[in-house]
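The values are calculated or read from the model by the stated rules, or taken from the named source; none is laboratory data. Here the structure is a predicted model, which is why all the values come from computation and not from measurement. Cβ atoms come from the backbone with ideal geometry, glycine included; neighbour counts cover every protein chain shown.
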Amino acid sequence: METATGSTIAVAPKPEGIEGAGFFATSLDKVVGLARKNSIWPLPFATSCCGIEFMATMASHYDLARFGSERLSFSPRQADLLMVMGTIAKKMGPILRQVYEQMAEPRWVISVGACASSGGIFDTYSVLQGIDRIIPVDVYVPGCPPRPEQIIDGILKIQHLVETESTRRRDSPEYKAMLNKYGIE
Ligand code: SF4
């Protein structure tokens, strides 16, 4: 779309549907998915070096705002994407889990980097060997540290999940059973 000043702005494509003169019909799932996908509010849970890569991802060169995610939330209640970046000590585990539990559904989780995903090089008694031991994870971003392009790739994968997720998934017995496995009600 061209603006009055001549700059071009990317417009999200409309979902599949049936259109004619003066009307457009599609399913609720697709409209909700489109809106959610382009307005993800991340909560950065950054504890170490991978968090610095995230800062670069937010800055002007990589500009995460292009994906509708420039509004970071430091309150779990106003966030729908938990981004865990860095080494998570076992002492930090309960805090991470509390943050996850305070987020309202629907919520998604990205594990950024080797430390968050598997403990990374810190195979020690004090480091959690992957955040998926305490909370469910939707997308893993590999690397130590991952480059901003990889973090953006993780965001795009989350966007795909968000866009295609059924609005009923969170009420399904399978989803509840998955949370129950983590001891989350
Ligand atoms: S994965 Fe590497 S860069 Fe990221 S927090 Fe761990 S040690 Fe640091």
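The residues of region 54-88 that are out of contact with any Ser or Thr (no Cβ under 9 Å at 6 or more places or on another chain), in contact (Cβ under 8 Å) with a residue 60 or more places away in the chain and crowded, with 20+ Cβ neighbours inside 10 Å, listed by number, are PHE54, THR57. In region 120-173, which residues are touching a Phe, Trp or Tyr at 6+ places or on another chain (Cβ under 7 Å) and of a type in the set (Lys, Arg)? Correct list: ARG169 only.
Could you list, in sequence order, all residues of region 51-90 that are in a helix (DSSP H, G or I) and of a type in the set (Val, Ile, Thr)?
Our first condition is that a residue be in a helix (DSSP H, G or I); within region 51-90, this holds for 51-58, 64-67, 76-78, 90.
ILE52, THR57, listed by residue number.
Scanning for something buried (at least 16 other Cβ atoms within 10 Å of the Cβ), part of a helix (DSSP H, G or I) and in contact with a Leu (Cβ under 9 Å, 6 or more places away or on another chain), does region 103-112 turn up at least one residue? No. The residues of region 73-99 that are more than 20 Å from ILE151 (Cα to Cα) and among the hydroxyl-bearing types (Ser, Thr, Tyr) amount to a single one, SER75.
Quick one: would you say GLY120 is crowded, with 17+ Cβ neighbours inside 10 Å and small (Gly, Ala, Ser)?
Details: crowded, with 17+ Cβ neighbours inside 10 Å: yes; small (Gly, Ala, Ser): yes.
Yes: the conditions hold for GLY120.
I'm checking my understanding of the structure. Among residues of region 1-39 that are part of a strand (DSSP E or B) and at pLDDT 80 or above, which one is farthest from the chain's Cα centre (by Cα)? The selected residue is GLY20. If we scan region 151-166, do we find a residue that is polar (S, T, N, Q), loosely packed, with under 15 Cβ neighbours inside 10 Å, modelled with pLDDT under 95 and part of a loop (DSSP other than H, G, I, E, B)? The answer is yes; a qualifying residue exists.
Kindly indicate which of GLY93, GLY143, GLY120, GLY183 is more than 13 Å from the ligand (Cβ to nearest atom) and not in a helix (DSSP H, G or I). Spell out how you get there, then give the answer.
Details: GLY93 fails: not in a helix (DSSP H, G or I); GLY143 fails: more than 13 Å from the ligand (Cβ to nearest atom); GLY120 fails: more than 13 Å from the ligand (Cβ to nearest atom).
Among GLY93, GLY143, GLY120, GLY183, only GLY183 is more than 13 Å from the ligand (Cβ to nearest atom) and not in a helix (DSSP H, G or I).
The set of residues in region 146-158 that are within 12 Å of the ligand (Cβ to nearest atom) and more than 19 Å from ILE52 (Cβ to Cβ) is empty.
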